[in-house]
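One structure is given here, and the rest of the page talks about it.
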Amino acid sequence: MIESARKIIEDMVGDRGLNLLINNFGALIWQGFPEVTEEDMLFHFSTNTVGPVMVFKEMLPLLQKSAARQTSGMSVSRAAVLNISSGGGSLGRLVEETPKSLLSIISYRTSKAALNMAMRVAAQIIAALTIKDQGILVVSMCPGWVKTDMGTDEGVLEVSESVGAMMNTLSQVNESHHGAFLNRNGETIPF
């Protein structure tokens, strides 16, 4: 399925390549510990972690084509991967004061932490050998708690607020943000 999507995109972009891949994977089932099941964990990891990594891998040749059209700098206009993550995937933000309701999504939170690590590895380790030298920017971003089917009506942001802030931030990211985990306003979130 991912290969089919790449072929469709490749037909559309041709020799220009793909300058922006938005990896927006998100599945959430409320299940805490110790109720969590192996199936629940695997579902979240397959969707929220493995999916974005495999899409990035498949789209890499198209991103490389786009990046090769410019010779310096890293930006969305050259070639970038934006991974939609979650502040829930931040180990640094998990404190004793964390609301108990947010602890009842163990699989979602750990899958987003794994996504952040996978993309950090792609940006920092693998990138040192292949991607960074080619100008492909890799960034993870938290859109905030948005009023969507997944975020529910309890979300604090409208979709337009979140997307507007993310678009503004995305237009400003550069090589100094390579491998970063940011919120929608461009502020660094601790891993």
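Quick notes
- Carbon plus sulfur fraction of accessible area for the chain, probe 1.4 Å, in percent: 59
- In nm, spacing of pseudo-spin labels at Ser46 and Met1 (7 Å Cα→C-beta vector): 0.9
- Between Glu38 and Ile22, the modelled label-to-label distance comes to 3.7 nm, taking each label 7 Å out from Cα in the direction of the beta carbon.
- Euclidean distance of C-alpha centroids, the range 149-177 and the range 53-98, integer Å: 15
- The chain, accessible area per residue, ligands and nucleic acids excluded (1.4 Å, Å²): 54
- Phi-derived couplings, Karplus 6.51 cos²θ - 1.76 cosθ + 1.60 at θ = phi - 60°, listed residue by residue for the range 180-191: 7, 10, 10, 8, 4, 9, x, 7, 5, 9, x, 5 Hz, with x used for Gly and Pro.
- Relative counts (whole %) of C-alpha pair distances in the range 6-87, using bins that are 10 Å wide: 17, 38, 24, 14, 6, 0
- For the chain, the tally of Lys pairs with Cα-Cα distances below 24 Å comes to 10, considering only residues 8 or more apart or on different chains.
- The H on the amide N of Ala80, modeled in the peptide plane, is under 5 Å from the matching H of Leu20, Leu21, Leu137, each at least 5 residues off or on a different chain.
- Restricting the GluC sites (Glu not before Pro) of the range 24-86 to loop positions (DSSP other than H, G, I, E, B) with no more than 13 neighbouring Cβ atoms within 10 Å leaves Glu35.
- Cleavage-rule hits (GluC sites (Glu not before Pro)) in the range 140-183: DSSP loop, at most 10 neighbouring Cβ within 10 angstrom: Glu154
- Remark on the range 139-190: hydrodynamic radius 11.3 angstrom, per the Kirkwood mean of 1/r across alpha carbon pairs.
- Hz values of 3J(HN,Hα) by residue in the range 63-72 - Karplus curve (6.51, -1.76, 1.60), Gly and Pro given as x: 5, 4, 4, 5, 4, 5, 6, 10, 10, 8
- Met74 contributes about 10 Å² of solvent-accessible surface, heavy atoms of the protein only, 1.4 Å probe.
- Mean residue ellipticity (222 nm) of the chain, computed from DSSP H runs ≥ 4 via -39,500 (n - 2.57), nearest 500: -11500 deg cm²/dmol
- Theoretical FRET efficiency, 1/(1+(r/R0)^6), r = Cβ-Cβ of Met150 and Ser72, R0 45 Å, to 0.05: 0.70
The values are calculated or read from the model by the stated rules, or taken from the named source; none is laboratory data. Not measured: the values here are computed from a predicted model. Positions of Cβ are generated from backbone atoms using ideal geometry, with glycine treated the same way; all protein chains shown enter the neighbour counts. Heavy atoms of the whole protein, side chains included, go into the accessibility calculation; ligands, DNA and RNA do not. Shrake-Rupley method; radii C 1.70, N 1.55, O 1.52, S 1.80 Å.
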